[in-house]
Amino acid sequence: MRLATAEINLTALAQNLARIKQIAPNSKVMAVLKANAYGHGLVTIAQHLQGADAFAVARIDEALALRAGGLTKPIVLLEGFFEASDLPILLANNFETIIHDEHQLTALEQANLDAPIATWLKIDTGMHRLGIEPEQLEQFYTRLKATQNAKDEVRLMTHFPCADDTENDKTLTQIQHFAKLINDKHEQTCLANSAGIIAWPDSHGDWIRPGLMLYGVSPMLNSVGSEHGLSAVMSLKTRVIAKRAIPAGERVGYGGRWQSQNATQLAVVAMGYGDGYPRHAREGTPVVINGKRYGIVGSVSMDMITVDIGAENDSVQVGDEVEMWGEHLPVEEVAQCADTIPYELLCNVTPRVSYQYIKDEE
């Protein structure tokens, strides 16, 4: 009997990519696959995103894994390279690099390369994480144009910290600032992350960078993916491994954190923080068994969680499937119950969870 399983719906993935193209029909798609494709399986997800124009990852080892998996599309390194010795690897594998500081630019200028590398110049318009200062743009742009180690086309990029909040005007300010900065430069641009794609159409440049929304999850505050026409790609599932009656007044689990007010039954499910389920999920965090929601009780332990299914319940039996999040239970809702974000839940699924890739029947 299969226990903890991440069921990855490749049909939903394709539908989400189609939805993204519908929202931003005039932009090329750079599919963001960092952190093991947000916990969904780097190479397999990439192999089923052939409709994307390029891939983006955070680090060079992720890019190399894609090439080893047979992927030939352009790959952009969102953090750029870290050592001058990385540059021949970038060239040999046709990787494209972000340039976000003086160290990287100088290393590129001084390298002895057989051919130029494609570059993206990242401008900090308010994220204050990576990127050159706006007043550095002319200098960096001119130097990239001059060096024989960079291709003549210098694509321009920025990033939004608050695009998930439509009531915050910071994103609009960034869009306007970026437009003024690059006004005299006829280069391709990339501004919009997932939230930018959904909420800020003026940020749809030549390229867009969908990440979270590819996987069917909303990047916006207080919403779920289905509200934006997206379908959950990952369904985290397990099974009921025990069922037991609990008298009124009994305490359950480590520390006796939960006490039964009435006589009830508990379903014990094979899932815990050892699988990546959030340890701090609150009492009442929902799971779905046989199409019905039940709340978890007691502490989330490494391997098991207890669920209150009520005193008179013969419909839940040992072996029944339990959905922890996914098609019938938005991961956004579970994240809220655990005081975290869906990104963390998806990325934290551990190696002991089995992955099963499926497609809907036509």
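Table for the structure above
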| item | result |
| --- | --- |
| Linear extension gain, R129 paired with Q336, 0.36 nm per residue minus alpha-carbon span | 71.9 nm |
| For region 243-303: span of alpha carbons on each principal axis (Å, largest first) | 31, 30, 18 |
| Approximate spin-label separation A54-A115, in nm, with each point projected 7 Å along Cα-to-Cβ | 1.6 |
| Cα-based convex hull volume of region 34-182 per residue, rounded to whole Å³ | 123 |
| Percent carbon-and-sulfur accessible area, the chain, ignoring ligands, DNA and RNA, probe 1.4 Å | 47 |
| Under the Debye formula (equal points on every Cα, no solvent term), log10 I(q)/I(0) of region 80-144 at q = 0.15 Å⁻¹ | -0.45 |
| Sequence ranges 16-25, 181-190, ranked by mean other-Cβ count within 10 angstrom, highest first | 16-25, 181-190 |
| Estimated [θ] at 222 nm from DSSP helical runs (n ≥ 4, -39500 (n - 2.57)) normalised by residues in the chain, nearest 500 | -7000 deg cm²/dmol |
| Area accessible to solvent at Y343, 1.4 Å probe radius, in Å² | 90 |
| Cα-derived Rg over Rh, computed across region 142-195 with Rh taken as Kirkwood radius | 1.08 |
| Globularity ratio of region 207-273, using Cα Rg and 2.2 N^0.38 Å | 1.75 |
| Pair K359, S315: separation of 7 Å Cα→Cβ label points (nm) | 3.4 |
| Distance cut-off 28 Å, percentage of C-alpha pairs in the chain lying past it | 50 |
| Cα centroid separation, region 128-194 to region 293-362 (Å) | 40 |
| Kyte-Doolittle mean at least 0.0, axial Cα span of 15 Å or more - DSSP H helices of the chain | 10-23 |
| Alpha-carbon centroid distance for the pair region 80-116 / region 199-245, whole angstrom | 34 |
| Probe 1.4 Å, accessible area per residue of the chain, Å² | 45 |
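The values are calculated or read from the model by the stated rules, or taken from the named source; none is laboratory data. Since we're looking at a predicted model, the values are computed, not measured. Glycine gets a Cβ as well: all are built from the backbone with ideal geometry, and neighbour counts include every protein chain shown. Side chains are part of the model used for accessible areas, which takes the heavy atoms of the whole protein and leaves out ligands, DNA and RNA. Shrake-Rupley method; radii C 1.70, N 1.55, O 1.52, S 1.80 Å.
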